[in-house]
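Visitor: I am attaching a structure below and will ask some questions about it afterwards.
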Amino acid sequence: MTENEYRLLVVFEDRIRELIRLYDEKKHHIEALKKSLKEKDEIIRQNKQAIEALQAKYTALHTACRLAGDEGEFQNVRKRVDKLVRELGICIDMIKE
């Protein structure tokens, strides 16, 4: 083997070692990115569940507000119910007698 061939072989070996080092570095970087992606996917899944729960609560609250109407109407309904309960109590008392 000539001196020139030997130097080429040494340079080739150095470059191969550098390529292997770069490959390992990129491999670790990809593994870290995959782990980060899994964590982000889990956070997204949790946030979607929270959004769905909040949407259900909003729908229930919206329905309750629509049923209750405004405050004045709610008070009127409550008075009518109270009046009906009193009348029912009177009817029950009359039946007992």
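Visitor: Sort through GLN55, GLN75, GLN46 and tell me the only one that's of a type in the set (S, T, N, Q) and open to solvent by 100 Å² or more (accessible area, probe 1.4 Å). Please lay out each step first, then the result.
Guide: Values: GLN75 fails: open to solvent by 100 Å² or more (accessible area, probe 1.4 Å); GLN46 fails: open to solvent by 100 Å² or more (accessible area, probe 1.4 Å).
The conditions single out GLN55.
Every residue, every condition in (1) surrounded by 10 or more Cβ atoms within 10 Å (Cβ to Cβ); (2) acidic (Asp, Glu); (3) at pLDDT 95 or above; (4) in a helix (DSSP H, G or I), yes or no:
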site	(1), (2), (3), (4)
ASP14	yes, yes, yes, yes
LYS26	yes, no, yes, yes
HIS62	yes, no, no, yes
LYS83	yes, no, no, yes
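The values are calculated or read from the model by the stated rules, or taken from the named source; none is laboratory data. Just so you know, these numbers come straight off a predicted model, no measurement behind them. Backbone-built Cβ (ideal geometry, glycine too); neighbour counts: all protein chains shown. Just the protein is used for accessible areas: all its heavy atoms, side chains included, with ligands, DNA and RNA removed. Shrake-Rupley method; radii C 1.70, N 1.55, O 1.52, S 1.80 Å.
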